[in-house]
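Structure record follows, encoded as C-alpha coordinates.
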Amino acid sequence: MATTKEIFSLKELAYEMRMKLLKFCGSYSGSVHIGGDLSMTEMLVALWNYKIKCNPEDLAWPERDRFIMSKGHGALAMYIAMSLRGFFDYDEIISTYGKLDSKFGMHPCRVQLPALECSSGSLGQGLAMANGLAIHAKSKGENYRVFCLMGDGETGEGSVWEAAMLSSSYKLGNIVGLVDRNHQTMTFYTEDKYMSMDPYADKWRAFGWNVIEVEDGNDMEQIVNALDAIPDPSGDKPTMIVCNTLKGKGVSFMERSLGWHSGTLGTEDMERALADVEAAWNAEKEEMA
Ligand SMILES: Cc1ncc(C[n+]2csc(CCOP(=O)(O)OP(=O)(O)O)c2C)c(N)n1
(Lines give C-alpha, C1' and ligand atoms only; values in the text may rest on other atoms or scores of the structure.)
Protein backbone atom coordinates (compact mmCIF):
# COMPACT_ATOMS: atom_id res chain seq x y z
CA MET A 1 0.00 0.00 0.00
CA ALA A 2 1.31 3.44 -0.89
CA THR A 3 2.05 5.94 1.84
CA THR A 4 0.59 9.46 1.80
CA LYS A 5 4.07 10.69 0.92
CA GLU A 6 4.28 8.35 -2.08
CA ILE A 7 0.85 9.44 -3.30
CA PHE A 8 1.92 13.06 -3.00
CA SER A 9 5.09 12.41 -5.04
CA LEU A 10 3.06 10.64 -7.74
CA LYS A 11 0.59 13.53 -7.87
CA GLU A 12 3.51 15.91 -8.20
CA LEU A 13 4.82 13.87 -11.14
CA ALA A 14 1.38 13.97 -12.77
CA TYR A 15 1.37 17.74 -12.39
CA GLU A 16 4.87 17.93 -13.92
CA MET A 17 3.79 15.69 -16.79
CA ARG A 18 0.70 17.80 -17.56
CA MET A 19 2.76 20.98 -17.59
CA LYS A 20 5.32 19.39 -19.90
CA LEU A 21 2.64 18.10 -22.27
CA LEU A 22 0.96 21.49 -22.48
CA LYS A 23 4.20 23.45 -22.91
CA PHE A 24 5.17 21.10 -25.71
CA CYS A 25 1.73 21.40 -27.30
CA GLY A 26 2.18 25.18 -27.25
CA SER A 27 5.57 25.08 -28.94
CA TYR A 28 5.21 22.26 -31.48
CA SER A 29 4.24 23.08 -35.03
CA GLY A 30 2.45 19.76 -35.59
CA SER A 31 -0.57 18.26 -33.92
CA VAL A 32 -0.40 16.64 -30.46
CA HIS A 33 -2.95 14.07 -29.19
CA ILE A 34 -3.36 16.22 -26.14
CA GLY A 35 -6.91 15.24 -25.03
CA GLY A 36 -6.14 11.56 -24.56
CA ASP A 37 -2.64 12.32 -23.22
CA LEU A 38 -4.20 14.33 -20.42
CA SER A 39 -6.86 11.72 -19.65
CA MET A 40 -4.30 8.97 -19.03
CA THR A 41 -1.67 11.06 -17.24
CA GLU A 42 -2.36 9.55 -13.79
CA MET A 43 -2.52 6.03 -15.24
CA LEU A 44 0.85 6.36 -16.96
CA VAL A 45 2.56 8.05 -14.03
CA ALA A 46 1.34 5.38 -11.61
CA LEU A 47 2.27 2.53 -13.95
CA TRP A 48 5.79 3.73 -14.68
CA ASN A 49 6.62 5.29 -11.35
CA TYR A 50 4.85 2.96 -8.93
CA LYS A 51 3.88 -0.40 -10.41
CA ILE A 52 5.84 -1.63 -13.40
CA LYS A 53 8.85 -3.75 -12.43
CA CYS A 54 11.67 -2.35 -14.56
CA ASN A 55 15.24 -1.14 -14.66
CA PRO A 56 16.02 1.78 -16.98
CA GLU A 57 19.71 0.77 -16.77
CA ASP A 58 19.04 -2.76 -18.00
CA LEU A 59 16.42 -2.78 -20.75
CA ALA A 60 16.78 -6.51 -21.40
CA TRP A 61 16.33 -7.53 -17.74
CA PRO A 62 14.45 -10.84 -18.22
CA GLU A 63 12.23 -10.38 -15.16
CA ARG A 64 10.98 -6.94 -16.17
CA ASP A 65 7.26 -6.41 -16.58
CA ARG A 66 6.27 -5.84 -20.19
CA PHE A 67 4.24 -2.80 -21.23
CA ILE A 68 2.33 -2.34 -24.46
CA MET A 69 1.00 1.07 -25.42
CA SER A 70 -1.83 -0.18 -27.57
CA LYS A 71 -3.24 3.35 -27.70
CA GLY A 72 -0.20 4.26 -29.78
CA HIS A 73 -1.30 7.82 -30.56
CA GLY A 74 -0.52 8.48 -26.88
CA ALA A 75 3.20 7.98 -27.54
CA LEU A 76 4.24 11.42 -26.30
CA ALA A 77 2.54 10.87 -22.94
CA MET A 78 4.25 7.49 -22.62
CA TYR A 79 7.67 8.96 -23.49
CA ILE A 80 7.24 11.65 -20.84
CA ALA A 81 6.01 9.20 -18.16
CA MET A 82 8.98 6.94 -18.93
CA SER A 83 11.38 9.90 -18.85
CA LEU A 84 10.14 10.66 -15.33
CA ARG A 85 11.23 7.10 -14.44
CA GLY A 86 14.67 7.65 -16.00
CA PHE A 87 14.31 5.89 -19.35
CA PHE A 88 14.66 8.87 -21.68
CA ASP A 89 16.05 12.37 -21.68
CA TYR A 90 13.13 14.82 -21.74
CA ASP A 91 15.08 17.46 -23.71
CA GLU A 92 15.82 14.90 -26.40
CA ILE A 93 12.13 13.99 -26.61
CA ILE A 94 10.98 17.55 -27.13
CA SER A 95 13.77 18.58 -29.47
CA THR A 96 13.34 15.59 -31.80
CA TYR A 97 9.71 14.45 -31.43
CA GLY A 98 8.02 13.67 -34.75
CA LYS A 99 11.08 14.53 -36.86
CA LEU A 100 12.40 12.28 -39.60
CA ASP A 101 14.56 9.51 -38.06
CA SER A 102 13.77 10.63 -34.52
CA LYS A 103 13.63 7.92 -31.85
CA PHE A 104 10.50 9.64 -30.60
CA GLY A 105 7.95 9.27 -33.35
CA MET A 106 4.31 10.31 -33.12
CA HIS A 107 3.65 6.61 -32.67
CA PRO A 108 6.00 4.31 -30.75
CA CYS A 109 8.62 2.44 -32.78
CA ARG A 110 10.53 -0.41 -31.19
CA VAL A 111 13.18 -0.40 -33.93
CA GLN A 112 14.14 3.12 -32.81
CA LEU A 113 13.49 2.60 -29.10
CA PRO A 114 14.58 -0.75 -27.65
CA ALA A 115 13.04 0.23 -24.28
CA LEU A 116 9.67 -0.62 -25.85
CA GLU A 117 8.30 -4.12 -26.28
CA CYS A 118 6.61 -3.36 -29.60
CA SER A 119 5.63 -0.70 -32.08
CA SER A 120 2.01 0.47 -32.10
CA GLY A 121 -0.34 3.02 -33.60
CA SER A 122 -2.70 0.85 -35.59
CA LEU A 123 -5.39 0.51 -32.94
CA GLY A 124 -6.74 -2.84 -31.77
CA GLN A 125 -3.47 -4.77 -32.00
CA GLY A 126 -1.91 -4.45 -28.54
CA LEU A 127 -3.91 -7.02 -26.62
CA ALA A 128 -3.11 -9.74 -29.16
CA MET A 129 0.59 -8.93 -28.76
CA ALA A 130 0.18 -8.97 -24.97
CA ASN A 131 -1.31 -12.46 -25.29
CA GLY A 132 1.77 -13.63 -27.16
CA LEU A 133 4.13 -12.26 -24.51
CA ALA A 134 2.00 -13.65 -21.69
CA ILE A 135 1.80 -17.14 -23.23
CA HIS A 136 5.58 -17.09 -23.63
CA ALA A 137 6.05 -16.10 -19.97
CA LYS A 138 3.71 -18.86 -18.76
CA SER A 139 5.36 -21.49 -20.93
CA LYS A 140 8.77 -20.58 -19.46
CA GLY A 141 7.46 -20.41 -15.88
CA GLU A 142 8.37 -16.71 -15.68
CA ASN A 143 6.55 -14.49 -13.26
CA TYR A 144 6.44 -11.04 -14.83
CA ARG A 145 3.28 -9.22 -15.85
CA VAL A 146 2.25 -7.93 -19.24
CA PHE A 147 0.48 -4.58 -19.09
CA CYS A 148 -1.53 -3.32 -22.04
CA LEU A 149 -3.07 0.17 -22.15
CA MET A 150 -5.95 0.77 -24.55
CA GLY A 151 -8.35 3.58 -25.41
CA ASP A 152 -12.07 2.93 -25.00
CA GLY A 153 -12.71 3.92 -28.61
CA GLU A 154 -9.99 1.47 -29.60
CA THR A 155 -11.93 -1.34 -27.97
CA GLY A 156 -14.61 -0.87 -30.62
CA GLU A 157 -12.26 -2.96 -32.77
CA GLY A 158 -13.35 -6.61 -33.11
CA SER A 159 -9.72 -7.71 -32.86
CA VAL A 160 -9.69 -6.57 -29.21
CA TRP A 161 -12.53 -8.95 -28.32
CA GLU A 162 -10.98 -11.87 -30.17
CA ALA A 163 -7.81 -11.27 -28.16
CA ALA A 164 -9.87 -10.89 -24.95
CA MET A 165 -11.41 -14.33 -25.49
CA LEU A 166 -7.99 -15.83 -25.98
CA SER A 167 -6.57 -14.22 -22.80
CA SER A 168 -9.24 -15.84 -20.65
CA SER A 169 -9.31 -19.16 -22.54
CA TYR A 170 -5.54 -19.49 -22.08
CA LYS A 171 -5.92 -18.47 -18.41
CA LEU A 172 -3.46 -15.62 -18.73
CA GLY A 173 -3.48 -14.32 -15.17
CA ASN A 174 -0.25 -12.49 -16.00
CA ILE A 175 -2.06 -10.00 -18.26
CA VAL A 176 -3.21 -6.67 -16.88
CA GLY A 177 -5.18 -4.54 -19.32
CA LEU A 178 -6.06 -0.94 -18.65
CA VAL A 179 -8.68 1.05 -20.51
CA ASP A 180 -8.64 4.82 -20.60
CA ARG A 181 -12.43 5.08 -20.42
CA ASN A 182 -12.74 8.76 -21.29
CA HIS A 183 -16.03 8.18 -23.16
CA GLN A 184 -14.65 9.83 -26.30
CA THR A 185 -12.97 8.72 -29.49
CA MET A 186 -11.52 10.89 -32.25
CA THR A 187 -14.72 12.63 -33.33
CA PHE A 188 -17.58 11.55 -31.05
CA TYR A 189 -18.71 10.55 -27.56
CA THR A 190 -18.75 6.77 -27.19
CA GLU A 191 -22.36 6.59 -25.96
CA ASP A 192 -23.75 8.98 -28.59
CA LYS A 193 -23.26 7.00 -31.75
CA TYR A 194 -24.22 3.77 -33.37
CA MET A 195 -22.09 1.59 -31.08
CA SER A 196 -22.73 2.39 -27.43
CA MET A 197 -20.21 0.72 -25.13
CA ASP A 198 -22.02 0.53 -21.81
CA PRO A 199 -22.34 -1.56 -19.73
CA TYR A 200 -18.64 -1.51 -20.43
CA ALA A 201 -17.08 -3.34 -17.46
CA ASP A 202 -19.73 -6.09 -17.70
CA LYS A 203 -18.54 -6.85 -21.22
CA TRP A 204 -15.04 -7.66 -19.94
CA ARG A 205 -16.53 -9.77 -17.13
CA ALA A 206 -18.60 -11.69 -19.67
CA PHE A 207 -15.40 -12.40 -21.59
CA GLY A 208 -13.95 -14.09 -18.51
CA TRP A 209 -11.88 -11.23 -17.09
CA ASN A 210 -11.42 -10.12 -13.51
CA VAL A 211 -12.47 -6.44 -13.63
CA ILE A 212 -11.39 -3.59 -11.40
CA GLU A 213 -13.35 -0.39 -11.95
CA VAL A 214 -11.80 2.94 -11.05
CA GLU A 215 -14.50 5.50 -10.54
CA ASP A 216 -12.16 8.43 -11.10
CA GLY A 217 -9.15 7.45 -13.14
CA ASN A 218 -7.67 10.92 -12.69
CA ASP A 219 -7.47 10.40 -8.94
CA MET A 220 -4.00 9.11 -8.16
CA GLU A 221 -5.02 7.35 -4.96
CA GLN A 222 -7.78 5.42 -6.73
CA ILE A 223 -5.41 4.33 -9.52
CA VAL A 224 -2.78 3.23 -7.04
CA ASN A 225 -5.37 1.25 -5.05
CA ALA A 226 -6.45 -0.49 -8.26
CA LEU A 227 -2.84 -1.35 -9.12
CA ASP A 228 -2.38 -2.69 -5.58
CA ALA A 229 -5.41 -4.94 -6.08
CA ILE A 230 -4.08 -6.77 -9.16
CA PRO A 231 -3.93 -10.50 -8.39
CA ASP A 232 -0.67 -12.44 -8.51
CA PRO A 233 0.48 -13.16 -12.10
CA SER A 234 0.46 -16.91 -11.38
CA GLY A 235 -3.37 -16.79 -11.28
CA ASP A 236 -5.62 -18.00 -14.09
CA LYS A 237 -7.76 -14.96 -14.89
CA PRO A 238 -6.60 -11.86 -16.77
CA THR A 239 -7.39 -8.53 -15.11
CA MET A 240 -8.86 -5.45 -16.75
CA ILE A 241 -8.68 -2.09 -14.98
CA VAL A 242 -11.35 0.19 -16.38
CA CYS A 243 -10.41 3.77 -15.50
CA ASN A 244 -13.13 6.38 -15.92
CA THR A 245 -11.28 9.51 -16.95
CA LEU A 246 -11.86 12.90 -18.55
CA LYS A 247 -10.46 13.66 -21.96
CA GLY A 248 -8.49 16.92 -21.68
CA LYS A 249 -8.33 16.53 -17.88
CA GLY A 250 -7.13 19.63 -16.07
CA VAL A 251 -7.73 22.22 -18.79
CA SER A 252 -11.13 23.92 -18.59
CA PHE A 253 -11.55 24.53 -22.31
CA MET A 254 -10.40 21.02 -23.27
CA GLU A 255 -12.28 18.79 -20.85
CA ARG A 256 -14.95 16.73 -22.66
CA SER A 257 -14.53 18.88 -25.78
CA LEU A 258 -14.66 17.06 -29.11
CA GLY A 259 -12.29 19.64 -30.55
CA TRP A 260 -9.31 18.51 -28.49
CA HIS A 261 -8.64 14.94 -29.57
CA SER A 262 -5.53 16.48 -31.08
CA GLY A 263 -4.33 19.97 -31.83
CA THR A 264 -1.82 22.74 -31.31
CA LEU A 265 -2.01 25.46 -28.67
CA GLY A 266 -1.34 29.12 -29.43
CA THR A 267 0.62 31.06 -26.81
CA GLU A 268 -2.45 32.63 -25.21
CA ASP A 269 -4.33 29.34 -24.89
CA MET A 270 -1.22 27.62 -23.61
CA GLU A 271 -0.93 30.22 -20.85
CA ARG A 272 -4.60 29.66 -19.94
CA ALA A 273 -4.08 25.89 -19.91
CA LEU A 274 -0.96 26.12 -17.75
CA ALA A 275 -2.76 28.46 -15.34
CA ASP A 276 -5.62 25.92 -14.96
CA VAL A 277 -3.21 23.10 -14.14
CA GLU A 278 -1.18 25.28 -11.80
CA ALA A 279 -4.28 26.42 -9.91
CA ALA A 280 -5.56 22.85 -9.49
CA TRP A 281 -2.16 21.73 -8.21
CA ASN A 282 -1.96 24.59 -5.71
CA ALA A 283 -5.44 23.71 -4.40
CA GLU A 284 -4.43 20.05 -4.16
CA LYS A 285 -1.28 20.90 -2.22
CA GLU A 286 -3.27 23.01 0.20
CA GLU A 287 -5.74 20.17 0.74
CA MET A 288 -2.94 17.69 1.37
CA ALA A 289 -0.99 19.97 3.73
C1 LIG B 1 -6.84 0.82 -36.86
C2 LIG B 1 -6.89 2.31 -36.66
N3 LIG B 1 -7.98 2.99 -37.09
C4 LIG B 1 -8.05 4.34 -36.93
C5 LIG B 1 -7.01 5.02 -36.34
C6 LIG B 1 -7.09 6.54 -36.21
N7 LIG B 1 -7.32 6.96 -34.83
C8 LIG B 1 -6.32 7.47 -34.09
S9 LIG B 1 -6.81 7.88 -32.56
C10 LIG B 1 -8.40 7.39 -32.85
C11 LIG B 1 -9.46 7.47 -31.80
C12 LIG B 1 -9.19 6.49 -30.71
O13 LIG B 1 -10.08 6.68 -29.64
P14 LIG B 1 -9.70 6.15 -28.20
O15 LIG B 1 -9.12 4.80 -28.32
O16 LIG B 1 -10.88 6.31 -27.34
O17 LIG B 1 -8.52 7.10 -27.79
P18 LIG B 1 -8.57 8.48 -26.95
O19 LIG B 1 -9.94 9.06 -27.08
O20 LIG B 1 -8.31 8.11 -25.53
O21 LIG B 1 -7.50 9.32 -27.53
C22 LIG B 1 -8.51 6.90 -34.15
C23 LIG B 1 -9.77 6.41 -34.73
C24 LIG B 1 -5.89 4.26 -35.92
N25 LIG B 1 -4.83 4.85 -35.32
N26 LIG B 1 -5.86 2.93 -36.06
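The values are calculated or read from the model by the stated rules, or taken from the named source; none is laboratory data. On a predicted model such as this, the values are computed, not experimentally measured, just so you know. All Cβ positions, even for glycine, are placed from backbone atoms using ideal geometry, and neighbour counts span all protein chains on display. What goes into the accessible areas is simple: the full protein's heavy atoms, side chains included, and nothing from ligands, DNA or RNA. Shrake-Rupley method; radii C 1.70, N 1.55, O 1.52, S 1.80 Å.
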Which whole-Hz ³J(HN,Hα) couplings does segment 144-154 yield from phi under the Karplus relation 6.51 cos²θ - 1.76 cosθ + 1.60, θ = phi - 60°, glycine and proline marked x?
7, 9, 10, 9, 9, 9, 10, x, 5, x, 4
So which GluC sites (Glu not before Pro) in segment 182-289 pass both tests, a DSSP loop state and at most 13 other Cβ atoms within 10 Å of the Cβ?
GLU191, GLU215
Computed about the Cα centre, the charge dipole of the chain from +1 Lys/Arg and -1 Asp/Glu charges at the Cβ has a magnitude in debye, to the nearest 20, of 840
Express as a percent, rounded to the nearest 5, the fraction of DSSP beta bridges in segment 4-288 (both residues included) that run antiparallel.
10
For segment 146-289, what class follows from the C-alpha gyration tensor (a ≥ b ≥ c being the square roots of its eigenvalues): rounded when a/c is under 1.5, otherwise prolate if a/b is larger than b/c, else oblate?
oblate
Sort 97-105, 136-144 by the packing proxy (mean of other Cβ within 10 Å over each peptide's residues), most packed first.
97-105, 136-144
So what J values fall out for segment 24-34 if you push phi through Karplus, 6.51 cos²θ - 1.76 cosθ + 1.60 with θ = phi - 60°, rounded to Hz, Gly and Pro as x?
5, 4, x, 10, 8, 7, x, 8, 10, 7, 6
Could you give the nm distance between label points at LYS53 and LEU258, where each point is 7 Å from its Cα heading toward the beta carbon?
4.5
Near the amide H of VAL211, under 5 Å away, which other amide H atoms are found, from residues 5 or more places off or on another chain, if H is placed in the peptide plane?
MET240
Surrounding net charge for THR185, when Lys and Arg each add one and Asp and Glu each subtract one, Cβ distance under 14 Å
-1
How far is helix 126-139 tilted off the main Cα axis of the chain, in degrees rounded to 10, range 0 to 90?
40
Taking 0.36 nm per residue of separation between GLU12 and ASP101 and subtracting their Cα-Cα distance, the length gained on full extension comes to 28.8 nm
Which percent of the accessible area of the chain is formed by carbon and sulfur heavy atoms (probe 1.4 angstrom)?
50
Kindly flag which residue pairs out of LYS71/LYS103; LYS140/LYS203; LYS71/LYS99; LYS20/LYS285; LYS103/LYS285; LYS53/LYS99 have an alpha-carbon separation exceeding 28 Å in this structure.
LYS140/LYS203; LYS103/LYS285; LYS53/LYS99
Starting from the Cα of PHE188, step 7 Å along the direction of its Cβ; do the same at GLU63; then give the gap between the two resulting points in nm.
4.9
Scalar couplings 3J(HN,Hα) for segment 226-238 by Karplus 6.51 cos²θ - 1.76 cosθ + 1.60 (θ = phi - 60°), nearest whole Hz, x for Gly and Pro, are 5, 5, 5, 8, 5, x, 4, x, 6, x, 10, 10, x
Tell me, what is the percent relative contact order of the chain, built from C-alpha pairs under 8 Å that lie six or more residues apart?
24
Near the amide H of PHE67, under 5 Å away, which other amide H atoms are found, from residues 5 or more places off or on another chain, if H is placed in the peptide plane?
GLU117, PHE147
Sort ASP276, ASP198 by accessible area with a 1.4 Å probe, largest first.
ASP198, ASP276
If amide hydrogens are placed 1.01 Å from N in the peptide plane, which non-local residues have theirs closer than 5 Å to the one on MET106?
GLY98
Given the candidates GLY26, CYS243, GLY126, the one whose Cα lies deepest towards the positive end of the charge dipole of the chain, counting +1 at each Lys or Arg C-beta and -1 at each Asp or Glu C-beta, is GLY126
Please label the shape of segment 221-289 as rounded, prolate or oblate, based on the square roots a ≥ b ≥ c of the eigenvalues of the alpha-carbon gyration tensor (a/c under 1.5 means rounded; beyond that, a/b larger than b/c means prolate, else oblate).
oblate
Taking the solvent-accessible surface of protein heavy atoms with a 1.4 Å probe, what is the per residue accessible area of segment 4-288 in Å²?
43
I need the shape label for the chain. Rule: rounded when a/c is under 1.5, else prolate if a/b > b/c, else oblate, with a, b, c from the alpha carbon gyration tensor.
rounded
Cα long-axis angle, helix 158-169 against the chain (0 to 90 degrees, to the nearest 10):
50
